[in-house]
Amino acid sequence: MMKTIVRIMFAALAVLNAAGCSTKEPDPEASGYVLAQPDVRVKAVTPDSFSLQWDLVENAASYTYSLNGADECTVFSREVSFSGLENHTEYVISLRADASGDGPYVSSDYTYVHVFTDELLPLSTPEPVLGCAYASRTVISWQNVEGAAEYEYSINGKTLRTADSKASVTGLEKSSEYRFTVKAISAEPQRRTDSPDAELVFTTSSSDMPSYLIVPTDVVADAVAYDIYAVAGDLYYYDVVPAYLLNRLSEQEIIDSYHQAILDYAKEQGISLQLALASVLKSGTSSLTKTGLTSEMSYAIIAFGMTLNGEVTSGLSHAVFKTKALGASDGPNFGGSKWFSQTYFLSNSYLAAGYSWMNSVVSLWMGQDVEAIRYRTLPTSSFRQIFPDPSDTEAIKAFLRDERYSYPGTEAHLIGTNSNNGCLLITAASAGVSYTLSTLATSSSGEETLCVNSITTKTDMSDKTWFAATATTNTSYGPVHNTIGCGMKGVDVVKVRYALFKSSALASSQVSSYPALVEQFGRDVVEENIQYVNGGGLAYKFSVDASTSYTFIATAENSVGDKITRYASVTTAEAPETESSARTFSAGVLAASPAGEVMAFDPLDKDLFPMVSVMAPAVADVKGEDIWTAIHNMKILEKRYEKK
């Protein structure tokens, strides 16, 4: 892998053969104007060959080179190739520009070029995702592959190429199975070969394609990119709404709600209906993006036809997708040891310094007796290009050991890592991009451990969730040394299971295991209390031990089947000297959760159900939104659902 990295650093051009070898030595007594050194480029490295080319050196009569110190060879061209070499071997070529013997010029100093023979690595394999499968149109997309000039795909006996990262296929049969393959074509075949074929087998729908074909193309925690396919000149309205609304409102109710809202808005603003509709309707195929979504929640992209006169021309078309968890990335996550760990996360805690979860990623190193650290952050796409096989940990370690490619941890980093609080680092980043942090830590005994973690930055500053859990102490519902209150609040929640544990019992459990722990040890919220979760909130009171930390975990499910797990921790105060600190809940290991007692509570309690406001950034005109945004922000369907 390291040889490949070195090879990639060279540019590439055409290949010719060398000629004219000799053992002629330069004249040590020569004097005059020294020629410039040749600027050498490397091309076409294979397991047993490579080629060199260089620019013209003014006033040079010829060029002399040597391979690994062997006899020198003189050529009059500016290209030379070598073959019959050993694989995985470093070769050193020295090259100079020769002056003529009767002029005022002196031959140049040698240029030394190091080349490793190695097999060219292929590009990363595309991962095709089926957007929709209709006989009249099937849409398949994939992520861009770094280093690809275009993509070659095959289906139904045809092979085509495209520069886009998606394919739109027509002319298929209904209810039929097809095999789709795609590969990335290298932009620089002298550096990387084409990727292997990726395969996708699918079956077309038995029904006809809807009036508007909607295909989500990229989904992250808080945003979606999508395409709407329509006939040129065909006008339609579109929006992105919570998917549960499609279960509660009929197709006609949805269309009528938007239709009436547009009419009302045009009247209120004193503008013509045609002007309002011209501002909100799309025509033909469109590629769109919606940000500000809630993570881990299902949404529906909807569209229906409408003319500039306000006449509805089609039924409702829709496509459902689910946003990912905050920070979710398909990049690698592994590594660590008892003496060193790495946590990679997003945070808005450093806004004063200009860092947010949109433009930065945060890492925490915790260690004991760590003597050295080397690290490197890369976009996950670049990481995959360098390391097609992330399980090849030796290749990643070799990369990090190389001072050209990684950064060393400073003395301050090491002191922080070995402290109780650990070492926090912030790295500037771009919004909506997945990053991978690789870190190699070395202990004082010489032991090494590798950590590789990935995360995706957010696309906006909002912090939204459809279910929240809290834990707190307050004298209004019990002594703060032996009573805690745990609250739950959500939207469209149909089921909740919860559990309370001593935090010490969770010390060896990963957060990713919390859903399973709730399932194994938790209790269900009874059906009649779910309405309170969706209203002002539902809270339970627990009798606990003094001076002890507890973690409350709850998993909620909504009407479309989305599940989300949230947790919160709280520590009780010391017990008064006149009172025993022991209570009924004393399990220090994972065990069945206490049921708790439904608490009479104030739904406006800021501790149980916090809604803290933050300073909004200054904007030029908060009212200057376009008409589509104004209609979207009215949340028409949500309001209609609430009235039902």
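Here are the numbers:
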read-out: Exposure of TYR532 as accessible area (Å², to 10), given a probe of 1.4 Å and all protein chains; value: 110
read-out: With DNA, RNA and ligands ignored, accessible area of VAL433 (1.4 Å probe; Å², nearest 10); value: 50
read-out: Within straight-line cross-link reach of LYS322, aspartates and glutamates at Cα separation under 13 Å, skipping those fewer than 8 residues along the same chain; value: ASP218, ASP222, GLU296, ASP562
read-out: Estimated FRET transfer efficiency when R0 is 35 angstrom, pair ALA630-ILE426 (beta carbons, to 0.05); value: 0.45
read-out: In Å², nearest 10: area of LYS322 left accessible to a 1.4 Å probe; value: 90
read-out: Length released on extending from VAL92 to GLU58, taking residue separation times 0.36 nm less the Cα-Cα span; value: 9.8 nm
read-out: Heavy-atom accessible area ranking, 1.4 Å probe, most first, across ILE386, ILE455; value: ILE386, ILE455
read-out: Gain in span if fully extended, ALA591 to TYR407, counting 0.36 nm per residue against the direct Cα distance; value: 61.8 nm
read-out: From the coordinates shown, Kirkwood radius over Cα pairs in Å corresponds to which of [x] 30.2; [y] 27.1; [z] 30.9; value: [x]
read-out: Given LYS290/LYS495; LYS158/LYS290; LYS489/LYS635; LYS458/LYS563, the pairs whose alpha carbons are separated by over 23 Å; value: LYS290/LYS495; LYS158/LYS290
read-out: Rounded FRET efficiency, nearest 0.05, which uses the C-beta distance separating LYS322 from GLU199 and R0 of 30 Å; value: 0.75
read-out: Calculated [θ] (222 nm, deg cm²/dmol) that DSSP helices of n ≥ 4 give over the chain, each run adding -39,500 (n - 2.57); value: -3500 deg cm²/dmol
read-out: Heavy-atom SASA rank of ARG401, ARG179, ARG497, ARG192 (probe 1.4 Å, accessible area, largest first); value: ARG179, ARG401, ARG497, ARG192
read-out: From phi via Karplus (6.51, -1.76, 1.60), per-residue ³J(HN,Hα) for the range 367-379 in Hz, x at Gly/Pro; value: x, 9, 6, 7, 9, 8, 9, 10, 8, 7, 9, 9, x
read-out: Contour minus Cα-Cα distance for ASN359 and THR291 (0.36 nm per residue); value: 22.9 nm
read-out: Largest-first ordering by accessible area, 1.4 Å probe, given options GLU58, GLU577, GLU311; value: GLU577, GLU58, GLU311
read-out: Relative contact order (percent, whole number), the chain, Cα cutoff 8 Å, 6+ residue spacing; value: 9
read-out: Amide H contacts under 5 Å for MET306, placed H, 5+ residues apart; value: LEU235, TYR236, TYR237, THR313
read-out: Antiparallel DSSP beta bridges within the chain, percent to nearest 5; value: 95
read-out: For the range 364-392 and the range 206-251, distance of Cα centres in Å; value: 39
read-out: Cα-only Debye scattering, the range 237-285: base-10 log of I(q)/I(0) at q = 0.17, 0.21 Å⁻¹; value: -0.61, -0.83
read-out: Label-point separation in nm, ASP48 to SER508, each point 7 Å along Cα→Cβ; value: 5.6
read-out: Given charges at Cβ of Lys, Arg, Asp, Glu: the range 398-545 dipole, positive-most of GLY422, GLY522, SER406; value: GLY522
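The values are calculated or read from the model by the stated rules, or taken from the named source; none is laboratory data. In this text, all values refer to a predicted model and were calculated from it rather than measured experimentally. No Cβ is skipped: glycine too gets one built from the backbone with ideal geometry, and neighbour counts run over all protein chains shown. Protein only, heavy atoms only, side chains kept; ligands, DNA and RNA dropped before computing areas. Shrake-Rupley method; radii C 1.70, N 1.55, O 1.52, S 1.80 Å.
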